[in-house]
Amino acid sequence: MTGVVDLLNLTGVTWNRIHGQPLSRQFKVHVVSRGGTPVCCTNGIRMAVDCSLEQIDQADLVVVPTIGGQIETVLSQEKDTLSWLRFLHQGGADLASNCTGAFLLAEAGLLDGKTATTHWGFSQEFRHRYPQVNLTERELITRHDNIFCAGGGTAWRDLTILLVERFCGADMARELARAFVIDVRNDLQSIYAGLPAHTYHQDDQVQAIQAWIHEHFKENTSLGELAERACLSPRQLQRRFTTTLGEPPLQYLQRVRIEAARKMLERGSNNLAKLAERVGYQDVSSFSRLFKRHTGLSPSHYRQRFARTGALND
């Protein structure tokens with residue numbers, strides 16, 4: 001929240017001050033809460049607010065921050081906020097969410113049939129709760145009409161620069177990014193993503209196949225063999241996997257293998273042929289293409305970027 005407020009309030013200010021130009025503030029920013037009460041954030045920061053959300057009946061842009069607490073609890077507490085978001089959107093406001101803030105937009109029904117993203121670590125829960133949303137968690141930023149979503153962590157910086165470009169033009173957005181030393185990225189969020197630690201479904205047969213894949217991902221297998229293990233037809237397993245996890249079983253197997261490869265590269269592994277073989281691939285070039293498709297980086301570039309300190313010298 002504080003970062004977004006900073007960037008919006010200082011658009012047309014910081015760059016101009018650096019270059020001795022007249023200040024030209026572009027946004028009038030209000031921090032609002034239900035009832036106008038101060039906010040204690042989960043990181044311990046206490047924030048004063050400008051007014052209650054009930055006092056705001058028109059806006060050009062509403063930015064929904066990350067849900068820092070238990071998502072289920074927050075959603076149940078924010079029924080009035082959901083109505084307010086729908087009301088402002090009907091009045092023409094742009095909406096933008098950061099990270100798990102997308103859950104609030106989806107809970108309000110504002111993302112139905114639309115493309116969105118959220119923090120990769122909560123993508124499975126999001127997909128389970130909102131199957132009517134086209135979730136693309138690989139993407140750092142999504143836009144559908146006048147609704148914008150950012151992925152996890154510091155993706156809010158890229159989102160805010162994009163919003164400044166939308167309202168103030170590309171030149172001012174570039175000036176803001178340069179003044180705040182922000183390197184606007186074209187990365188996929190999937191560079192940072194791992195496999196979700198939790199399984200938000202109750203399909204025992206799918207869970208059994210997931211467990212087998214995690215244990216035996218190095219082995220060659222087929223859809224038919226996986227289906228036989230689950231005592232299902234290949235078509236049934238394909239449908240059940242896609243319904244519960246948002247992807248078919250062989251694609252899930254690919255992700256498990258890529259995750260294993262990422263961990264090896266982060267530990268400094270540099271023999272690509274051996275690494276590919278250890279995660280179930282015999283053809284190095286095919287593995288490299290697949291790795292880049294999933295992460296946006298080649299294996300060697302991924303290693304250079306994410307290997308732990310000292311690993312590049314191992």
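In whole Hz, what ³J(HN,Hα) sequence does the stretch 140-147 give by Karplus (6.51, -1.76, 1.60; θ = phi - 60°), x for Gly and Pro?
Here the 3J(HN,Hα) series is 6, 9, 10, 9, 9, 6, 10, 10 Hz.
Along Cα→Cβ, 7 Å out, is where each label goes; now give me the distance between the ones at ALA170 and ARG46 in nm to one decimal.
In this crude label model, ALA170 to ARG46 measures out at 4.6 nm.
Keeping all protein chains in place and using 1.4 angstrom, which order do PHE87, PHE148 fall into by accessible surface area, from largest down? Mind dumping the intermediate values first?
Numbers: PHE87 110, PHE148 0 Å².
So, going from the largest accessible area down, we get PHE87, PHE148.
Using protein chains only and a probe of 1.4 angstrom, how many square angstrom of THR243 are accessible, to the nearest 10?
That residue has around 110 Å² of solvent-accessible surface.
Pop a pseudo-label 7 angstrom from the Cα along the beta-carbon direction at both ASP57 and VAL284 and give the gap in nm to one decimal.
Calculated label separation equals 6.9 nm.
The stretch 93-148: Rg/Rh from Cα coordinates, Kirkwood Rh? Can you show the working numbers first?
Working: Rg = 9.7 Å, Rh = 10.8 Å.
Rounded to two decimals, Rg/Rh equals 0.90.
Per-residue accessible area for TYR281 at 1.4 Å probe radius, Å² rounded to 10?
Its accessible surface works out to 40 Å², give or take rounding.
Could you please put GLU215, GLU137, GLU247 in sequence from largest to smallest accessible area, using a 1.4 Å probe? Don't skip to the end; give the middle numbers.
Values: GLU215 135, GLU137 40, GLU247 10 Å².
In descending accessible area the options line up as GLU215, GLU137, GLU247.
Given a 1.4 Å probe, how much area per residue of the chain is accessible, in Å²? It would help to have the intermediate numbers written out before the result.
Working: 16360 Å² over 314 residues.
Computed with neighbouring chains in place, this is 52 Å² per residue.
Separation between the SER298 and ASP112 pseudo-spin-labels, each 7 Å from Cα along Cα→Cβ, expressed in nm?
Taking the simple label geometry, SER298 and ASP112 are separated by 4.7 nm.
Please report, largest first and rounded to whole Å, the three semi-axes of the ellipsoid equivalent to the chain, where each semi-axis is the square root of five times an eigenvalue of the C-alpha gyration tensor.
Over the Cα atoms of the chain, the ellipsoid semi-axes are 40, 26, 15 Å.
What 222 nm value per residue comes from the helices of the chain, counting each DSSP H run with n ≥ 4 as -39,500 (n - 2.57) and dividing by all residues, nearest 500 deg cm²/dmol?
Details: 15 runs with 147 residues, N = 314.
-13500 deg cm²/dmol, from helical runs alone.
Using 0.36 nm per residue, how much length does the chain from HIS216 to HIS19 gain when fully extended, once their Cα-Cα distance is taken away?
64.9 nm
Run through the DSSP bridge list for the chain and note the antiparallel percent, rounded to the nearest 5.
Values: 7 of 19 bridges.
The antiparallel proportion sits near 35 percent.
Please work out how much accessible surface MET1 shows to a 1.4 Å probe, ignoring ligands, DNA and RNA, in Å² rounded to 10.
90
Compute the projected area of the convex hull of the Cα atoms of the stretch 61-170, averaged over all viewing directions, and report it in nm² to one decimal place. Mind dumping the intermediate values first?
Values: hull surface 25.3 nm².
So the Cα hull casts an average projection of 6.3 nm².
The values are calculated or read from the model by the stated rules, or taken from the named source; none is laboratory data. Remember, it's a predicted structure, so these values are computed and weren't measured experimentally. In this analysis, Cβ positions are derived from the backbone assuming ideal geometry, glycine residues included, and neighbour counts consider all displayed protein chains. Protein only, heavy atoms only, side chains kept; ligands, DNA and RNA dropped before computing areas. Shrake-Rupley method; radii C 1.70, N 1.55, O 1.52, S 1.80 Å.
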